[in-house]
Structure formats: C-alpha cells, structure tokens
Amino acid sequence: MVEHFIPSHGGYENLRSFQKARIVYDGTVRFCQRFLKKRDRTVDQMIDQQLRYLEEAFVKEGGLRERAKTRRDY
C-alpha cells in the first residue's frame with residue numbers, strides 16, 4: 001500500500017501551519033479576554049479579522065493541495 005503525505009483520515013491538526021495559526025488565534029482571544037471588555041466591538045473585529053487573514057493567507061499559498069505537492073517535491 002502506498003503511504004500518502006496526508007492520511008485519508010485528515011490529520012490537518014499535525015500541520016505546522018495549522019499549529020502556528022492556532023497559537024496566534026489563541027493568543028488573540030486571550031489578549032481580548034484579558035485587556036478588552038467582553039462586549040467591545042474591537043474584540044469581534046480582532047477575532048473575525050484574524051480568522052479572515054489566516055484563511056486568505058492559506059488560500060494565497062495554494063491551499064492544502066499546493067502544500068502537499070510542495071512537500072512531495074522536496
């Protein structure tokens with residue numbers, strides 16, 4: 001059986017890009033919880049903008065298929 005770079009069950013949680021994005025996102029959430037009021041509009045904007053930025057960066061880099069192809073080429 002051929003072993004693939006990305007297992008058939010997913011495993012995206014093990015990708016470094018996902019792990020780094022999770023750290024940034026969690027840090028943003030904790031910052032907002034600690035220093036901003038819960039109902040402050042800034043909180044919603046910071047968290048929503050962070051998600052949008054991470055999504056756009058992922059798509060700009062070619063998404064999951066491009067990353068898998070790049071890894072195979074090395």
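The values are calculated or read from the model by the stated rules, or taken from the named source; none is laboratory data. These numbers were taken from a predicted model, which means no experiment stands behind them. Note: ideal-geometry Cβ built from the backbone for every residue, glycine included; neighbour counts use all protein chains shown.
The residues of segment 20-38 that are modelled with pLDDT under 85 and not small (G, A, S) amount to a single one, K38. Close Cβ contacts (under 6 Å, 6 or more residues apart or on different chains) running from residues in segment 44-61 that are farther than 16 Å from K20 by Cα to residues that are not aromatic (F, W, Y) comprise M46/T28; M46/C32.
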